Each structure stands twice: as C-alpha cells, then as structure tokens.
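Chemist: Take this structure, written in structure tokens, and hold onto it; I'll ask about it next.
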Amino acid sequence: MATRMKLKLKTVFVLYFMVSLMGLVYALMQLGQRCDCSEHDLPKDRTISRLRGELHRFQEQIRKSEATKQPQKQPAKPTIFVITPTYARLVQKAELTRLSQTFLHVPQLHWIVVEDSPHKTPLVTDLLVKSGLTYTHLHMPTAKDRKLQESDPSWLKPRGVEQRNEGLRWLREDRRAQPGGDNQQGVVYFADDDNTYSLQIFEEMRSTQRVSVWPVGLVGGMKYERPVVEGGKVVRFHTGWRPSRPFPMDMAGFAVSLKLVLANPEACFDGDAPMGFLESSFLQGLVTMDELEPKADSCSKVLVWHTRTEKPKMKREEALQAQGLGSDRAVEV
C-alpha cells in the first residue's frame, strides 16, 4: 500500500513538473512574438501622418514664396581709388606688402600703383599679381632735375608729383571709357606706401561729396596736424608750420570725390610749388575751406599716421660683399 502511494505521488509530481515546464516554454515562445497592437497605434500614426503632410505643404509654400520674392538690392558702396607712388629702395617690398594687406580688408577698393621708373619692375609686378586686390599698375619716372639725391633731406623737393598726376590722368581716361552712369561714383585718395592707416579711415572717406578732411598723426614735427572744426565747419588748421597756407594739410589728410576730379580735368599737383604748398596746388581749384567735410568725429580722432621706415644700415652687408661673401642677389627682399 505504501509503495503504491509513493508511485502515485511520484506520477503526480512528474505530471506537475511536465505541465509547468510546458507552460514555461509556451510563455518564452510568446515573448518572441510581435504583439498585434495596431488598433492601439492607429490614432498616433494618423496624427504623425497628418503633421508630416502639413509640414510638407508649409515647406512648399516657403519655397514658392522665396522663388517669387524679388531680391532686395543693397546700394553699392562707392569705390575708393587709392593712388600710391612708389620707388625702388631696400624697404619697398616690405612697405608695399604691409600696405596691400591693409587694403585687403577694405571693400570696393581699386589700388593704382605708380612706379617712379621708366618701366614696370618685376618686383612690383609680381607683388601686385599676388596681392588679391583690384589694381592698376603704371609707371612714370621723375625728371632728373626734380629727383631727390641720396644725401638730400626729404623735404627739399616734393616727391611723387609725376606719379600722382599719372594716376589722375589714367583715372580720368579710364572713367571716360566706362559705360553707364555709375562711372563717376567714387572717392580718390593719395596713400603713400610708408604711412600707417586705420581701416576706419576708408569708411570715413567713402561718403565724400567734394573734399573730406581729418587729422594726420606724427607729421610736421608735431604729434598731429588737424583741421579745427567749429559748428561743423573747418575754420582753421592746427599746424606748426605756415598755417597761412591755403590748405596746410598733409597728403594723407584728405580725399576727393571722383566726380569732382573728373569735372576738373586740369586739377593736378604742381611740382614747382613752394615747399609745403603741394597739397594746396591741387586743392585750390577744387574747393574752398568752407566746403571741406570734416570726418573722424569732427577731426578729433587720428586714423592715419605719417610713419616712415628707418633706412636699413648695410655696413656688414657691404663688408661681406667686398670679400665676395655678400647675400645672394637672387633672393628678393
């Protein structure tokens, strides 16, 4: 009896174990099956589909609107025509490199470089080609009797007269040959290759109507020279030498509208003008003091400096050359 009871319990236990095991296997199989929950997801799917459709229609409307919209034309900035006389010397490439890299930051600028030479030199030609600027390359030699000698002080004779006048001549001819009504829009500025220029000065001069003026630093043996402004008008000049001159200003201290230059074809720099009167010889026929346009916060800010690179001393180079050990002439400095 006891043995039979043990067999029955064992059978029940085995059956219970088998049923549990089958239930567990079934449950595990169901975990891997996809749940058919489509009836729950339908509202969400419909909402997403509707939003996508609205987004697509909105994007199409934007595209159509942009296609039909007329682009708003920004008024073109007047071109600044910068005339720079230059001459061969040891620091010429260094000066022109510094100046050209300043000009790269000025929009709508046309650089007119005029060499004091009977021909265009390879050094300046190559520099301009690589500059990335809009430029015109000219040349005009200074007459021998007007040329400064090595031992002459810089103030003895005016430098750059023929070159500035050649730049003006080219500008007048070029503008006459340009079609359209915008060929007279622009500003003319005379920038020596050894001066230092703030980028702001170019934006200041861009609105010039006739002749605009501003201070120049480190000039004439003074910290600065400048027009003195009262009531928005230039009434006199702060300068240490002959303030009675018609326009006692440095070449870097004014700009002229292109229209005014073209309207006065005879206006030029007089190489025979007395010392210090070169700027006046050009401006006298163009403008009166009352018509000058003060810039740089009523001529209270210095934005250009009359700097000059020190002449390099070449004593060691000369000594080495005497020994046949000088620097390689093929290396351009």
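The values are calculated or read from the model by the stated rules, or taken from the named source; none is laboratory data. Everything numeric in this text was worked out from a predicted model, so none of it was measured. Every residue, glycine as well, gets a Cβ built from its backbone with ideal geometry; the counts of neighbours run over all protein chains shown. What goes into the accessible areas is simple: the full protein's heavy atoms, side chains included, and nothing from ligands, DNA or RNA. Shrake-Rupley method; radii C 1.70, N 1.55, O 1.52, S 1.80 Å.
Chemist: Are any residues in the stretch 302-333 open to solvent by 40 Å² or more (accessible area, probe 1.4 Å), without any contact (Cβ under 8 Å) to a residue 24 or more places away in the chain, farther than 26 Å from Arg164 by Cβ and not in a helix (DSSP H, G or I), and if so, which ones?
Modeler: Lys313, Gln323, Gly324, Leu325, Ser327, Asp328, Arg329, Ala330, Val331
Chemist: I need the full set of residues from the stretch 255-272 which are free of Cβ contacts under 8 Å to residues at least 60 places away in the same chain, of a type in the set (A, V, I, L, M, F, W, C) and open to solvent by less than 70 Å² (accessible area, probe 1.4 Å), in order please.
Modeler: The answer is Leu260, and nothing else.
Chemist: Let me ask you something else. I'd like the residue in the stretch 290-301 that is open to solvent by less than 50 Å² (accessible area, probe 1.4 Å) and not basic (Lys, Arg) and, out of all such residues, is nearest to Glu225 (Cα to Cα).
Modeler: Across the stretch 290-301, the extreme among qualifying residues is Cys299.
Chemist: Please give the number of the condition Asp152 fails out of (1) outside any strand (DSSP E or B); (2) farther than 17 Å from Tyr197 by Cβ; (3) in contact with a Leu (Cβ under 6 Å, 6 or more places away or on another chain); (4) open to solvent by less than 50 Å² (accessible area, probe 1.4 Å).
Modeler: (3)
Chemist: Looking at (1) free of Cβ contacts under 8 Å to residues at least 40 places away in the same chain; (2) open to solvent by 30 Å² or more (accessible area, probe 1.4 Å), which is the one condition that is false for Asn165?
Modeler: Only one criterion in (1) free of Cβ contacts under 8 Å to residues at least 40 places away in the same chain; (2) open to solvent by 30 Å² or more (accessible area, probe 1.4 Å) is unmet by Asn165, namely (1).
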